[in-house]
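**Student:** Here's a structure for you.
The values are calculated or read from the model by the stated rules, or taken from the named source; none is laboratory data. The model shown is predicted, which means the values in this text are computed figures rather than measured ones. Note: ideal-geometry Cβ built from the backbone for every residue, glycine included; neighbour counts use all protein chains shown.
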Amino acid sequence: MAELLQQVVIGLASGSIYGLLALALVLIHRATGVINFAQGEMAMFSAYIAWQLVQWGIPYWLAFAGTLVVSFAGGVAIQRVVIRPVESAPVLTVVIVTLGLLLIFNGLATWLWSGEVRTFPANRPFPTRTFEIGGVVINVQDIGIILVTLGLVGALWAFFQFTKAGLALRAAALYPDSSRLVGIRVGWMLAVGWGLAAALGAVSGMFTAAAFPPLEPTMMQAVLIYAFAAAVLGGIDSPGGAVVGGLALGVFLNLVGTYADDLQDLGFPIDLEGLRLPVAFVFILAVLLVRPQGLFGRAAVRRV
Amino acid sequence: MRHGWLGLRIAGVVAFVVLIAILPNFLSDFRASEFARVGIFFIALTGLQILTGYTGQISLGNGAFMAIGGYVSAILILGRPGLEASQLEAPSWLPVGDGMKDIWTIPIAALVAGVFGFFVGLPALRLRGLYLALVTFALAVSIPLILREPETLTGGTNGLNLFGTTEDRLTGAIDNSVHIPVLDKDLTFNDWTYYLAWSIGLLGLAVAWALLRGRPGRAFRAVRDSEVAATSSGVSLASYKTLAFAISAAYAGAAGALLTIVSTIVTPGSFPVFLSIQLLIGVVIAGLGSLVGLFLGALFIYYLPVGIQELAEVGSLPDGLQDAAKSPGMPSVIYGVVLILVMFVLPRGAASFLSKVSFPLTKRL
């Protein structure tokens, strides 16, 4: 039992990372109907920026904040420069553009920082020591990641719910034409959406570098797949669903990894350890076949 | 349909076929092998175009269908004796035969992949848009991992090597000095693969064209444009969606089998996730819902990465650029930039561009 709880906490921590990136995907998808395939590589790039700032002697949390600002600005700039020109093109065209961005960020990171693996200085952002509650060994870093994630999600929710800017963002995403009529600058709102997504992704990237070191250009590719899966699991248009989906997926994957051996001992014919990804997908497929709109998504009702 | 259009189209098709037929005469042997791979992409793109362009079902997983075709072909070519020679073994219930001639494995690979595609099409009946994209993407990620697992049959991460398998099973040895007699002509292995890939490619194109202009094609387009309207006009969503998946997968399976034959080895790494993504890039570049631009799409996805690599090596660039192009990471940056620029210029793909260009020509006819 203690081991199970312990694995659940570890799973929640990695699930937070997937959830953050999933939330970034959902933000952009809600506003524009596009899945940003570059989200993971943008997050990876942000993590490198944070690493560079730390290398220059800036304290970690200051670098963290700085990276958020830079990432936000970067996200806004990307939307204005690269996405806007294809705004009226078919959705798949925009998707291909984000694939181009994926390649660019991956290449840039390899070029600027070389493909060599890097690590953040030890004990960043959270101490990695452990403590024990009732026989359950818990890592401070895991708790830190979970808490920061929940805090961020809460803050984001409050922003969208209670501020005028948040309202404008939601309006621009849902009813662009009406929003334009009441004076909301829809184009800029979409750009801000990209900026927020980039900042969320940056947190996900920095946590990935901390929780699954080392820092390398390919580190976010698996995370992006999990985030995509988490977003779909939760319902691609549901921010809360994305986070819950991420957490659920993190716990599920971790438990499959932990108990794969035991399953095999019980006579299960296949070693699932190497097949965690396919197993997760089968699980998601099963969920989707029952609820095609995801756990928290609303079924689209269309007028014919 | 105006007659001028038809005439121009027929002329275009004839010119294309003639170009394909005589091209190897002007190409080095090495280029011919490259163009064989362009042909393989062409086949896979034709299949994806039917599914995504005409039926509106987005697939990020056609690389997985290619993987299935590739492995089926490799296992059949080797057969039981060939597998044993590689210290592998097929389960006794599996009809792997005693080794087949490589080209006969292609239709079987297409069939197996097609049946698999049919089953993938079943969940597609409930899922649409991004949800379907995720499920197909999951295939692209999972299938190579799953194919790795039954190590005794598929050789695990090392895959299956056809190089040096008995002479009569593989039509050409890799050794380019071996010439393959076809219709009184001796072809090098590379020329042979070129003609093989493009014969199948053109055949596939003709089949796709015939299919799409008839009843199934109309049904596919109806499903794409409005599922509700299609259903109310008596088009069975279930049949046509699964049919589109099966056909698309069969094309991909044939392409995968060809890839196996051309590269004489098949590993899980032959079908990375990026392959599926490349195919999607290819159809978007070609232009969704049109067969015209597919050749350009195939050229683009094959030659862009290769071309960047060559530019970096040949040294024809100015000094500063040359160094930049050589540094790690740069090829991928260039790929990304070119991709984005192409999408800026041709947001609806090459097909719409071609029809725009040819309109002033055809409207006078």
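Every residue, every condition in (1) small (Gly, Ala, Ser); (2) part of a helix (DSSP H, G or I); (3) farther than 21 Å from B:LEU51 by Cβ, yes or no:
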| residue | (1), (2), (3) |
| --- | --- |
| B:VAL72 | no, yes, no |
| B:GLY82 | yes, yes, yes |
| B:ASP98 | no, no, yes |
| B:THR105 | no, yes, yes |
| B:VAL115 | no, yes, no |
| B:LEU122 | no, yes, no |
| B:LEU127 | no, no, no |
| B:LEU134 | no, yes, no |
| B:LEU147 | no, yes, yes |
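**Student:** Out of the range A:240-269, which residues are surrounded by fewer than 21 Cβ atoms within 10 Å (Cβ to Cβ) and farther than 22 Å from A:LEU4 by Cβ?
**Tutor:** Once the filter is applied, which keeps residues that are surrounded by fewer than 21 Cβ atoms within 10 Å (Cβ to Cβ) and farther than 22 Å from A:LEU4 by Cβ, the range A:240-269 yields A:GLY240, A:PRO269.
**Student:** Hey, any hits in the range A:14-28 for a residue that's more than 13 Å from the chain's Cα centre (by Cα) and not charged (D, E, K, R)?
**Tutor:** The answer is no, given that none of the residues of the range A:14-28 is more than 13 Å from the chain's Cα centre (by Cα) and not charged (D, E, K, R).
**Student:** Name the pairs whose Cβ atoms lie under 7 Å apart, with the first residue in the range B:81-101 and surrounded by fewer than 14 Cβ atoms within 10 Å (Cβ to Cβ), the second not in a loop (DSSP other than H, G, I, E, B), and 6 or more positions between them or separate chains?
**Tutor:** Close Cβ pairs (under 7 Å, with a partner that is not in a loop (DSSP other than H, G, I, E, B)) amount to B:GLU89/B:LEU83; B:GLU89/B:THR152; B:ASP98/B:GLY79; B:ASP98/B:ARG80; B:ASP98/B:PRO81.
**Student:** Can you tell me how many residues in the range A:96-126 are more than 8 Å from every other protein chain (Cβ to nearest Cβ) and modelled with pLDDT under 85?
**Tutor:** Counting residues in the range A:96-126 that are more than 8 Å from every other protein chain (Cβ to nearest Cβ) and modelled with pLDDT under 85 gives 11.
**Student:** Might you check whether a residue that is within 14 Å of chain B (Cβ to nearest Cβ), over 30 Å from B:LEU288 (Cβ atoms) and touching a helix residue (DSSP H, G or I) at 6+ places or on another chain (Cβ under 8 Å) occurs anywhere in the range A:60-80?
**Tutor:** no
**Student:** Which residue pairs have Cβ atoms closer than 8 Å, lie 6 or more positions apart in sequence or on different chains, and pair a first residue in the range A:129-145 that is among the hydroxyl-bearing types (Ser, Thr, Tyr) with a second residue that is crowded, with 16+ Cβ neighbours inside 10 Å and not in a helix (DSSP H, G or I)?
**Tutor:** A:THR130/A:ILE138; A:THR130/A:ASN139
**Student:** Would you mind stating whether B:ALA210 is surrounded by fewer than 19 Cβ atoms within 10 Å (Cβ to Cβ) and in contact (Cβ under 8 Å) with a residue 40 or more places away in the chain?
**Tutor:** On the way: surrounded by fewer than 19 Cβ atoms within 10 Å (Cβ to Cβ): yes; in contact (Cβ under 8 Å) with a residue 40 or more places away in the chain: no.
No, not satisfied.
**Student:** Which one of the conditions (1) in a helix (DSSP H, G or I); (2) more than 14 Å from chain A (Cβ to nearest Cβ); (3) in contact with a Pro (Cβ under 9 Å, 6 or more places away or on another chain) does B:ALA64 fail to meet, given that it meets all the rest?
**Tutor:** Just one mismatch for B:ALA64, condition (2).
Listed here are the residues, each with its yes/no results for (1) more than 14 Å from every other protein chain (Cβ to nearest Cβ); (2) in contact (Cβ under 8 Å) with a residue 40 or more places away in the chain; (3) at negative phi.
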site	(1), (2), (3)
B:GLY217	yes, yes, yes
B:SER239	yes, no, yes
B:THR242	yes, yes, yes
B:ALA249	yes, yes, yes
B:GLY253	yes, yes, yes
B:LEU258	yes, yes, yes
B:PRO268	no, yes, yes
B:SER276	no, yes, yes
B:ILE281	no, yes, yes
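**Student:** Among what's in the range B:121-132 and is surrounded by 22 or more Cβ atoms within 10 Å (Cβ to Cβ) and more than 7 Å from every other protein chain (Cβ to nearest Cβ), pick the residue that is farthest from A:HIS29 (Cα to Cα).
**Tutor:** B:GLY121
**Student:** Might you let me know whether the range A:171-180 holds any residue that is in contact with a strand residue (DSSP E or B) (Cβ under 6 Å, 6 or more places away or on another chain), on the phi < 0 side of the Ramachandran plot and crowded, with 16+ Cβ neighbours inside 10 Å?
**Tutor:** no
**Student:** Filter the range A:97-132 down to residues that are more than 20 Å from the chain's Cα centre (by Cα) and aliphatic (A, V, I, L, M) and give me whichever is surrounded by the fewest Cβ atoms within 10 Å (Cβ to Cβ).
**Tutor:** Checking each candidate, the answer is A:ALA122.
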